Amino acid sequence: MPTPAFKRPESVLVVVHTDDQVLLMERCSPEGFWQSVTGSLREDESPLDCAERELVEETGFAAGDLRDLGLTQRFPIAPEWRQRYAPGVAENVEHAFALWLDATRPPTLNPEEHRAWRWMPAAEAARTATSWTNRAAIRRALSLPEPMTD
C-alpha cells in the first residue's frame, strides 16, 4: 500500500500498565519527550486496529485485550510536526486505550522512534508524561484523581 503524502490527523495512545506501574518511553526526538505508545491511523484503519499495530511496533508486546478508555481528545499539532499534515491541518484527534499486564517486562523498542524506556509508579508516570493528553489517559487507565492543575 503506498504511503499517503500527508499523515491522517487522527491517532491513538496506548497506556501499558500493571496494577501500579506504567511504561513510558523517551522519543528520539525531541529529546526528553516521554510518552506511552502512540501512532497515527493509516488510511481505512480503525482506532483499535491502529492501537494493536502500534503496540507491537513500539514495544513488541502482543495486543491482548486492549481496553478502550472512552477518552477521545483533540489537541493542536506542534508547529515542528505540522509539515507532516496537509496544509491547514492544525489539530489532531487522539483515541486512548490501555493494556494491562500482570507484571512489568522490558519492551523491544523501535530505535527509530524511542531511545529509552522506564516502568514507573502510576502517579509518577502521570506527572512525567510530556503531553497533557497522555497524562489524562494514564489517570483514566489507573483511576487516578485529577490534579488541581495540569
Filtered residues of region 57-108 (kept if of a type in the set (Gly, Ala, Ser) and within 16 Å of the chain's Cα centre (by Cα)): GLY60, ALA62, ALA63, GLY70, ALA78, ALA96, ALA98
Selected residue [modelled with pLDDT of 95 or more, of a type in the set (D, E, K, R) and either crowded, with 21+ Cβ neighbours inside 10 Å or not in a strand (DSSP E or B) (or both)] from ASP44, ASP19: ASP19
Region 116-133 residues that are under 19 Å from ALA96 (Cα atoms), paired with ones that are of a type in the set (Asp, Glu) (beta carbon under 7 Å, 6 or more apart): ALA122/ASP20; TRP132/ASP150; THR133/GLU94
One residue from GLY60, GLY88, GLY32 being touching a residue at least 60 places away in the same chain (Cβ under 8 Å) and on the phi > 0 side of the Ramachandran plot: GLY32
Meets criteria (of a type in the set (Asp, Glu), at pLDDT 90 or above and touching a strand residue (DSSP E or B) at 6+ places or on another chain (Cβ under 8 Å)) for GLU54: yes
Given (1) crowded, with 16+ Cβ neighbours inside 10 Å; (2) assigned to a loop (DSSP other than H, G, I, E, B), index of the condition GLY32 fails: (1)
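The values are calculated or read from the model by the stated rules, or taken from the named source; none is laboratory data. These numbers come from a predicted model, not from an experiment. Cβ atoms come from the backbone with ideal geometry, glycine included; neighbour counts cover every protein chain shown.
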